[in-house]
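The values are calculated or read from the model by the stated rules, or taken from the named source; none is laboratory data. All values derive from a computational prediction rather than experimental measurement. A quick note on method: Cβ atoms are made from the backbone with ideal geometry, for glycine too, and the neighbour counts reach across all protein chains shown.
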């Protein structure tokens, strides 16, 4: 068992130190089960880790709080809940003994925390509503709060502009599902296999969750009167709108991204995912390629 962060010394346990963002992703991908603990002394119903750990694709056992149930749903759907130390031990053992349960929990928790109502846009809306509420209350004494009102209104307009481009497109929603499944596959199989293996497994797993997927689909191209019936092939095409290009190399280069962008332009599509299963952790091997889709829609676990 690995313990990270502070406060463990008070319980007579030794911490391995603090983790940066890369470290959190690494450890979440490495461990079989992660615990989400909250500080009841502060009346917390959730913590930063309630968002970060599931977003890294971890299988989670979480303290049973009202906020956690709002985020993850009923017990066993996306996380396993516990209320006592004894129940925690039992739930961890339950997850250890059931690999299929761990896979399902990882996938569902990832989708729950990166989709609505937990997106950055949703959180900004909550902040916006709170600021507007406080602004109305302070407005009762206009003379004292005039300068603050001007400041708040300026901030509100900025947040509204952010929200205007932060709504999820159908491509974004599909990409979240794809990434959740891909993370699970990489965690189970690891790096180093042939690209065709990852492609075949991802094809099958995406179909299992109800997505329409086409594999090695060829597309024609016409140039100055000359038609090529099979100008190129895409590894996987999800719901006819998201292109997946599978790689298993040590390092991606610019030509890989340009290849996907060319596919998108030729097909008239807006989003492609370049998935490099050769990386130590898949989070480091995901590149989002866009063709006319706003760059602001990059999920937090992706890098452009």
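How many of the residues making up the range 219-230 are touching a helix residue (DSSP H, G or I) at 6+ places or on another chain (Cβ under 7 Å) and without any contact (Cβ under 8 Å) to a residue 40 or more places away in the chain?
Going through the range 219-230 one residue at a time, the tally reaches 0.
Quick check: anything in the range 211-218 in contact (Cβ under 8 Å) with a residue 40 or more places away in the chain, part of a loop (DSSP other than H, G, I, E, B) and surrounded by 12 or more Cβ atoms within 10 Å (Cβ to Cβ)?
No: zero hits.
How about the range 1-16: which of its residues are surrounded by 10 or more Cβ atoms within 10 Å (Cβ to Cβ) and on the phi > 0 side of the Ramachandran plot?
5, 7
Go through (1) surrounded by fewer than 14 Cβ atoms within 10 Å (Cβ to Cβ); (2) within 14 Å of residue 275 (Cβ to Cβ); (3) within 21 Å of the chain's Cα centre (by Cα) one by one and return the number of the condition residue 204 breaks.
Here residue 204 meets the rest and fails (2).
Can you tell me how many residues in the range 112-122 are at pLDDT below 70 and part of a helix (DSSP H, G or I)?
2
Of all residues in the range 233-258, count the ones that are surrounded by fewer than 16 Cβ atoms within 10 Å (Cβ to Cβ) and within 18 Å of residue 196 (Cβ to Cβ).
The total comes to 3.
Suppose we filter 234, 242 for residues that are over 21 Å from the mean Cα position of the chain (by Cα) and either over 22 Å from residue 58 (Cα atoms) or not assigned by TED's automatic domain parsing to the domain that holds residue 281 (or both); which single one remains? Walk me through how you get there before you give the answer.
Working: 242 fails: over 21 Å from the mean Cα position of the chain (by Cα).
It is 234.
If I ask for residues that are on the phi > 0 side of the Ramachandran plot and surrounded by 13 or more Cβ atoms within 10 Å (Cβ to Cβ), which ones from the range 17-68 would you list?
Scanning the range 17-68 gives a single hit, 57.
Condition first: within 22 Å of residue 193 (Cβ to Cβ) and either modelled with pLDDT under 90 or outside any strand (DSSP E or B) (or both). Now tell me which residues in the range 262-300 satisfy that.
Answer for the range 262-300, where residues must be within 22 Å of residue 193 (Cβ to Cβ) and either modelled with pLDDT under 90 or outside any strand (DSSP E or B) (or both): 277, 278, 279, 280, 281, 282, 283, 284, 285.
Could you list, in sequence order, the residues of the range 67-86 that are assigned to a helix (DSSP H, G or I) and in contact with a strand residue (DSSP E or B) (Cβ under 8 Å, 6 or more places away or on another chain)?
In the first step, residues of the range 67-86 are kept if they are assigned to a helix (DSSP H, G or I); the result is 67-72, 85-86.
Within the range 67-86, 68, 69, 72 qualify.
Being part of a loop (DSSP other than H, G, I, E, B) and in contact with a helix residue (DSSP H, G or I) (Cβ under 8 Å, 6 or more places away or on another chain) is the filter here, so list the residues in the range 231-248 that pass it.
239, 241, 248
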